[in-house]
Amino acid sequence: MRGAWLEKTIMPSHLKELVRARMEKTGESYQQALRHVRGDHDEADASKPAARPSEEGVARSRTVADTAFSIAVVRAEEAQRPAADRLFDDPYASFFAAAGAHAAESTQRFLDLPFFRDGVRLRTRYIDDAVRDGLNAGLGQLVLLGAGFDARGLRMPEVHARRVSVYEIDTAEQLARKRGVLSAAGVKVPARVRHVPFDFDAPDFATRLTSELEGKGFQTGKGALFVWEGVIGYIDDATIDHSLRFMASAGGPRSRVVFTFGQIGFESDTATARTRRAGFRSCEETASDELWRRYLPGEPHPNAWVIKVATAIV
């Protein structure tokens, strides 16, 4: 145990992020994910010049986009299941999945990972339920932080019925990709769904993002529900902390964040401790093996416990 702790402590931060992201996607243990990441890293060309920060951001954006296409495939497959077996409905996922045909090789690598499909299904249903709970609690602003191809602003009848203001935050490239796919499919995005392009590596993260949101009509401090799905695996500890502080501050009292993370998503800390330090008064963590028993028949996948979801309330 001490050796594993030292290994995590001295590991370069970019490798930690890759291990954390793989665990969140696959449900693998820390050691399993580490072996795969180190294997890929050792095979890389040692003579390749180190990427500048801007280049690293572009590479990360492309990796996230490939993951988004993979998630869209899983959500599109849900429609092919018998109605009684479906965990959710996403009629837009097939458009995004088809748009990812050019990245089929990368997409398939994710789809072949253990527990990837079941993990996406379970977290999607959990977050849908958490969104319903937040709306029932009176929250009227929905913020998708790292929106990807998330279509909750379009597909959830509860969001439509309550005319909830939806703010989709992502890179300009990803939001343009999303708009293009929906436009090509003939989908008209309602005015209450607003895109907020943002550079997540920009300095003064909280100040700039709050300003961008307010420019789109967001009411700071009036209560909001934040969805932070599949993001933590790609960012470092400092970014996790200032993102949590931003959400607690921008949303204000009664606000909530629902998020996903891997077993080492918060290193030696817990989600509850981290969210409380950021300004949230409570946090409920749930592992995917428990979600499996809640939503699916049979025994959970052996690695399901590694992937977790949580809801924190200010």
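How would 106, 183 rank on accessible area, largest to smallest, probe 1.4 Å? Don't skip to the end; give the middle numbers.
On the way: 106 25, 183 85 Å².
Largest accessible area first, the list is 183, 106.
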Can you give me the % of accessible surface on region 148-271 that is carbon or sulfur? Probe 1.4 Å, all protein chains present, nothing else counted.
49 percent
Run the 1.4 Å probe and let me know the accessible area of residue 214, rounded to the nearest 10 Å².
90 Å²
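Tell me the Kirkwood hydrodynamic radius of region 189-248 in angstroms, computed as one over the mean inverse distance between distinct C-alpha pairs.
Values: mean 1/r = 0.0780 Å⁻¹.
Final number for the Kirkwood radius of region 189-248 is 12.8 Å.
Can you give the convex hull volume per residue for the Cα atoms of region 217-292, as a whole number of Å³? Let's see the in-between values first.
Details: hull volume 7.7 nm³, N = 76.
Dividing the Cα hull volume of region 217-292 by its residues yields 101 Å³.
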Mind giving me the nanometre distance, one decimal, between the label points for residue 132 and residue 282, set 7 Å out from Cα along Cα→Cβ?
2.0 nm
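Would you mind working out the accessible area per residue for region 135-248, using a 1.4 Å probe, and quoting it in Å²?
Numbers: 4650 Å² over 114 residues.
Value for region 135-248: 41 Å² per residue.
How high is the relative contact order of region 61-212? Use alpha-carbon pairs under 8 Å, at least six apart in sequence, and give a whole percent. Intermediate values should be presented prior to the final figure.
Working: 163 pairs, mean separation 31.2, N = 152.
Over region 61-212, the number comes to 21 percent.
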Net charge (Lys, Arg +1; Asp, Glu -1) of residues whose beta-carbon lies under 11 Å from that of residue 187, residue 187 excluded, is +4
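Give, in nm to one decimal, the length gained when the segment between residue 199 and residue 185 is fully stretched (0.36 nm per residue of separation minus the Cα-Cα distance). Please list the in-between numbers first.
On the way: separation 14, 0.36 × 14 = 5.04 nm, distance 2.74 nm.
Residue separation times 0.36 nm, minus the Cα-Cα distance, leaves 2.3 nm.
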Given backbone amide H placed at 1.01 Å from N, residues whose amide H is under 5 Å from that of residue 144, ignoring those fewer than 5 places away on the same chain, are 167, 168, 169, 227
Consider just the alpha-carbon atoms of region 173-282 and return their Rg together with their Dmax, both in angstrom.
15.4, 47
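First obtain the Kirkwood hydrodynamic radius of region 78-157 from its Cα pairs, then insert it into the Stokes-Einstein equation at 20 °C and 1.002 mPa s, and state the resulting D in µm² per second as a whole number.
Working: Rh = 14.4 Å.
Rounded to a whole number, D works out at 149 µm²/s.
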Pop a pseudo-label 7 angstrom from the Cα along the beta-carbon direction at both residue 299 and residue 162 and give the gap in nm to one decimal.
3.9 nm
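Give, as a single signed number, the net charge of other residues whose beta carbon lies under 11 Å from the beta carbon of residue 243, with Lys and Arg counted +1 and Asp and Glu -1.
Numbers: positive: 245, 274; negative: 236, 237, 241.
Charge balance near residue 243 sits at -1.
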Expressed in square angstrom to the nearest 10, the accessible area of residue 308 with a 1.4 Å probe stands at 40 Å²
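The values are calculated or read from the model by the stated rules, or taken from the named source; none is laboratory data. Remember, it's a predicted structure, so these values are computed and weren't measured experimentally. Positions of Cβ are backbone-derived with ideal geometry, glycine not excepted, and every protein chain shown enters the neighbour counts. Remember, those area values only see protein heavy atoms, side chains included, never the ligands or the DNA or RNA. Shrake-Rupley method; radii C 1.70, N 1.55, O 1.52, S 1.80 Å.
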